[in-house]
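Undergrad: Quick one: structure below, then a few questions.
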Amino acid sequence: MTLPELTDYVSRHFARTYGRPPRWIAAAPGRVNVIGEHTDYNDGFVLPMAIERYAVMATDSAPSSSSISIRDTSEGVEPATIDLSLPVKPGKPKWSNYPRGVIAGCLARGINPGGLDVLLHSTVPLGGGLSSSAALEVCTATLLEAVTGKKMDPVEKALLCQQAEHEFAGVPCGIMDQFISVMGRENHLLLLDCRSRQTDLVPMNDPSVALLIINTNVKHELGSGEYAKRRAQCETAAKILRVPSLRDADPDALESAKNKMDNVVYRRARHVIGEIERTVHAAEGIRASNWPTVGQLMYASHASLRDDYEVSCAELDAVVEIAEGIGLKGGVYGCRMTGGGFGGCAVALVQAGTVEAVSKKIAVDYKTKTGIEAMIFSSRPAAGATILKG
Ligand code: ADP
Ligand code: MG
């Protein structure tokens, strides 16, 4: 659904649920990271784009109430009630901790909307690595801005949402998801320096290309333990290289220190150092609409994540192999896993005119290879959070 269609849908759903039309509607997108994986906690660069999938919230004041009530349009989701007359703390249901954390952060900044009836609808797949969590957080913050008429600085807003995810949801995420959901712009990617937090919008206006997002629909459980190990290995490598973080190391320094570290640590560092370079080059390639180069960088990123960083899995490798098999002739410039790894999504850069044929081929071949149905959709780079009504 497009944003106007979503506005219409949640308006009607809100009226059915609460018996009156909504006064304010806000939306915030999910995201896909086009390149720059496992670079964020090494002070490196990431290059995400906002996707045309959104968390949307419609609301009206509930003058006789001191609570924010949130109902989800999905049948199975337990409604949440957040009492503003008490200090806002983590609570139940579990999913409510994302909005709770944001509401707590807003209240601490004097942004107090009073009692509200809220309807939530999200078109970002939950738990698929497309950041439905950041979309929900940023949507909540944007809704409270709309209701109170108080606007936050975008960086402060993104950091408030990140803090909510850390402290209320217990997820130690980086800054990428919230930054892109706040700051995304139509037809642009966002080059984000995770050290300085500087952001650079990278234009991607060429209508002849599109991004394809392929959800493998698998999620292997070793994720969080392996993530902690990778972080520790990167710290070990940085120590041996005598730099504050791998952002400060270059390939030559790594080669000359190769015999001082074990092979696994060496390969982890080689991925990170190479990936930071690839991300900067990919941003240049996108600015120049040099799609074959960007595509090659995506394939190289995948190979490095698979072989050196060892965070891919059979299903992600299958998608990338199928895409490589289709190749430039069939309209595919490049493909890679995206997100933390061990499942989740792959992202492919394709010629816009081939989106349907490529999607179909990947779906059929992926099913044959793995027995699993993939979920595939295309997206142009979308806008960040917006107030749709009010
Ligand atoms: P991702 O951000 O990649 O989708 P996460 O595990 O970080 O995966 O976040 C998913 C969680 O966010 C869900 O399990 C749920 O708790 C919460 N969430 C996101 N969107 C919604 C929604 N529309 N309704 C209820 N909960 C949601
Ligand atoms: Mg998330």
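The values are calculated or read from the model by the stated rules, or taken from the named source; none is laboratory data. Since the model is a prediction, treat every value here as computed from it, not as a measurement. Note that we place each Cβ from the backbone using ideal geometry, even for glycine, and neighbour counts take in every protein chain shown.
Undergrad: Quick check on this structure: which one of G340, G334 is at pLDDT below 95 and closer than 19 Å to F45 by Cβ? Quick ask: steps written out before the conclusion?
TA: Working: G334 fails: at pLDDT below 95.
Result of the check over G340, G334: G340.
Undergrad: Of (1) over 17 Å from R100 (Cα atoms); (2) at pLDDT 95 or above; (3) part of a loop (DSSP other than H, G, I, E, B); (4) polar (S, T, N, Q), N205 satisfies all except one. Which?
TA: Status for N205: all satisfied but (2).
Undergrad: Taking C234 and the conditions (1) part of a helix (DSSP H, G or I); (2) surrounded by 18 or more Cβ atoms within 10 Å (Cβ to Cβ); (3) not assigned by TED's automatic domain parsing to the domain that holds A283, which numbered condition does it fall short on, given that it satisfies the others?
TA: (3)
Undergrad: If only one of E145, E167 is surrounded by fewer than 20 Cβ atoms within 10 Å (Cβ to Cβ), more than 14 Å from ligand 2 (Cβ to nearest atom) and of a type in the set (D, E), which one is it?
TA: The unique qualifying residue is E167.
Undergrad: If V138 satisfies every condition in (1) over 26 Å from F377 (Cα atoms); (2) surrounded by 19 or more Cβ atoms within 10 Å (Cβ to Cβ) but one, which is the exception?
TA: So the condition that V138 fails would be (1).
Undergrad: Quick check: is even one residue across segment 341-351 touching a strand residue (DSSP E or B) at 6+ places or on another chain (Cβ under 8 Å), over 18 Å from Y299 (Cα atoms) and hydrophobic (A, V, I, L, M, F, W, C)?
TA: no
Undergrad: Something else: Cβ contacts < 9 Å: first residue free of Cβ contacts under 8 Å to residues at least 24 places away in the same chain, restricted to segment 146-174; second residue crowded, with 23+ Cβ neighbours inside 10 Å and among the basic types (K, R), any location; separation 6+ or different chain. Result?
TA: K151/K157
Undergrad: Just give me the residues in segment 13-50 being in a helix (DSSP H, G or I) and under 18 Å from L143 (Cβ atoms), in sequence order.
TA: Restricting attention to segment 13-50, the residues satisfying the condition of being in a helix (DSSP H, G or I) are 13-18, 40-42.
H13, F14, A15, T17, Y18 - these are the residues of segment 13-50 that are in a helix (DSSP H, G or I) and under 18 Å from L143 (Cβ atoms).
Yes/no per residue for (1) more than 16 Å from P113 (Cα to Cα); (2) touching a Cys at 6+ places or on another chain (Cβ under 8 Å); (3) within 16 Å of ligand 1 (Cβ to nearest atom):
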site	(1), (2), (3)
G44	yes, yes, no
M49	yes, no, yes
A55	yes, yes, yes
A58	no, no, yes
P63	no, no, no
I68	no, no, yes
E75	yes, no, yes
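Undergrad: Which condition number does R197 fail, the rest of (1) surrounded by 15 or more Cβ atoms within 10 Å (Cβ to Cβ); (2) away from ligand 2 (no atom under 12 Å from the Cβ) being met?
TA: (1) is the only condition that R197 fails.
Undergrad: Pull out all pairs, ordered by first then second residue, where Cβ-Cβ is under 7 Å, the residues are six or more apart or on different chains, the first lies in segment 74-87 and is at negative phi, and the second is among the β-branched types (V, I, T) and surrounded by 13 or more Cβ atoms within 10 Å (Cβ to Cβ).
TA: Sorted first by the residue in segment 74-87, then by its partner, the pairs are P79/I70; A80/I70; I82/I68; I82/V88; I82/I103; L84/I68.
Undergrad: Further, regarding this structure: Consider only pairs whose beta carbons are under 6 Å apart and that are at least six residues apart or on different chains; among these, list those whose first residue lies in segment 122-143 and is closer than 17 Å to E156 by Cβ and assigned by TED's automatic domain parsing to the domain that holds C161 and whose second residue is near ligand 2 (Cβ under 9 Å from one of its atoms) and not hydroxyl-bearing (S, T, Y).
TA: Filtered contacts from segment 122-143: A134/D177.
Undergrad: Hey, another quick one. Based on what the data block shows, is G285 assigned by TED's automatic domain parsing to the domain that holds C345 and either under 22 Å from A357 (Cβ atoms) or touching a Phe, Trp or Tyr at 6+ places or on another chain (Cβ under 9 Å) (or both)?
TA: yes
Undergrad: To continue, here is another question. Which of the following residues is at pLDDT below 95 and hydrophobic (A, V, I, L, M, F, W, C): M49, M1, M57? Full working, then the answer.
TA: Values: M49 fails: at pLDDT below 95; M57 fails: at pLDDT below 95.
None of the other options fit; the residue is M1.
Undergrad: Kindly evaluate N33 against the criterion of being of a type in the set (S, T, N, Q), closer than 18 Å to L130 by Cβ and not assigned by TED's automatic domain parsing to the domain that holds A303.
TA: yes
Undergrad: Another question, if that's okay. Tell me, yes or no, whether segment 76-96 has at least one residue that is crowded, with 20+ Cβ neighbours inside 10 Å and within 16 Å of ligand 2 (Cβ to nearest atom).
TA: Looking for residues that are crowded, with 20+ Cβ neighbours inside 10 Å and within 16 Å of ligand 2 (Cβ to nearest atom), one finds at least one in segment 76-96, hence yes.
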